[in-house]
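Each remark here refers to the structure printed beneath this line.
The values are calculated or read from the model by the stated rules, or taken from the named source; none is laboratory data. The structure presented is a predicted model; accordingly, all values stated were derived computationally and were not measured. Please note: Cβ atoms are built from the backbone with ideal geometry, for glycine as well, and neighbour counts cover all protein chains shown.
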Amino acid sequence: MRAVFLDYSTLNPTDLDLTRLHQGFSELVLHDMTGPDDIFARMAGFDVVIVNKVRLTAAHFSDPQLKLVLVAATGTDNIDKTAATAAGVVVCNVTAYGTATVAQHTVMLMLLLATQASRYQADVASGRWSRSPMFCLMDYPIVELSGRTLGLIGYGELGRQVGALGEAFGMQVLVMGRAGVDYADGTQRVDFETLLARSDVVSLHCLLTPETAHLMNADAFANMKPGAFLVNTARGGLVDEAALIHALESGHLGGAGLDVVAMEPPPADLPILACTHPNLIITPHSAWASREARQRIVEIMRENLDAFIEGAPINRVA
């Protein structure tokens, strides 16, 4: 089969081994990036299309040659899966590739919020510590995570790993559940409002769907404990950023650590980027990007391809 990768550079592939992926196709065409106006021309006549963030709409599934879409990510909100199914095109994503690296990034954001390390480092760099009459600086409140409550919204492999790391710090872990659902993992779940009210840190690990869009809105922030932290390494659309800014600037929230924002890459005038709250930390959607995680994406896509060829697709989302 012939394949085309429409946004190959999103994997930062210079340090990856792509041998097995190339071996899966008679031809694999690589495009660093593909704009909306070039999608039709570049995917025409190919059996397999590989995308990371390129958006495939219903119209893109009109080519009868297309059989398979391999998504080089877990999230598939950029794919019209209903249209793919109607066209008989299989869509497969990759899962569990970044558990270790995203979990460590999540905990890193929690630690930065709790220790205010960025502010203290700035004081060292500016020479303020050197000018201090005391041996140390203690201007910004440091929060001990041990004994605090970590609330997890989303409890797949990643949520479970973050929960285990939280427990290693001595935190109590709460997991959000839905009424009437019997969870096979045996965990005790609480409803959304209870989780918000009891958690010192709320960490998001759920998918972005029409039901979860702006899950963290003004009402949700109002229900959180005063001084609590929000961490989001999932999807920017889960958070109403205007409401988050208000919750921070009003003093209700103690801080927020974000690896994702509503628009990516963000326009320079995106309001969340202009928020001056001293305990707001934003990283550029880099939680997933270790070499190990990116290599796993390549290997899982090859496994998805092999399973499709054998007639038993895995990681199928459409």
Q.
Among the listed residues LEU70, LEU113, identify the single one that is in the same structural domain as TYR140 (by TED's automatic domain parsing) and within 20 Å of the chain's Cα centre (by Cα).
A. LEU113
Q. In the list VAL29, VAL54, VAL48, which residue meets the criterion of being β-branched (Val, Ile, Thr), surrounded by fewer than 17 Cβ atoms within 10 Å (Cβ to Cβ), outside the structural domain of ARG235 (by TED's automatic domain parsing) and modelled with pLDDT of 95 or more?
A. VAL29
Q: Please state which one of HIS277, HIS285 is more than 14 Å from the chain's Cα centre (by Cα), crowded, with 16+ Cβ neighbours inside 10 Å and without any contact (Cβ under 8 Å) to a residue 60 or more places away in the chain.
A: HIS277
Q | Tally of residues being surrounded by fewer than 17 Cβ atoms within 10 Å (Cβ to Cβ) and either on the phi > 0 side of the Ramachandran plot or part of a helix (DSSP H, G or I) (or both) across the range 143-159 | A | 2
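Results for (1) crowded, with 22+ Cβ neighbours inside 10 Å; (2) assigned to a helix (DSSP H, G or I); (3) touching a residue at least 60 places away in the same chain (Cβ under 8 Å), shown as yes or no for each residue.
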position	(1), (2), (3)
HIS60	yes, yes, no
LEU70	yes, no, yes
THR85	no, yes, yes
THR101	no, yes, yes
THR106	yes, yes, yes
LEU112	no, yes, yes
(Q) Quick check on my filter: what residues within the range 218-235 are buried (at least 20 other Cβ atoms within 10 Å of the Cβ) and closer than 19 Å to ASN279 by Cα? (A) PHE221, MET224, ALA228, PHE229, LEU230, VAL231, ASN232, THR233
Q. Between a first residue in the range 4-33 that is assigned to a strand (DSSP E or B) and a second residue that is crowded, with 18+ Cβ neighbours inside 10 Å and at pLDDT 95 or above, which pairs have beta carbons less than 6 Å apart while being 6 or more apart in sequence or on different chains?
A. VAL4/MET43; VAL4/PHE46; VAL4/VAL49; PHE5/ILE50; LEU28/ALA3; VAL29/VAL4; LEU30/PHE5; LEU30/TYR8
Q.
Just to be sure before I move on: is THR95 farther than 30 Å from LEU253 by Cα and assigned to a loop (DSSP other than H, G, I, E, B) in the structure I sent?
A. yes
Q) Out of the range 66-96, which residues are in contact with a helix residue (DSSP H, G or I) (Cβ under 6 Å, 6 or more places away or on another chain), farther than 17 Å from VAL54 by Cα and at pLDDT 95 or above? A) ALA87
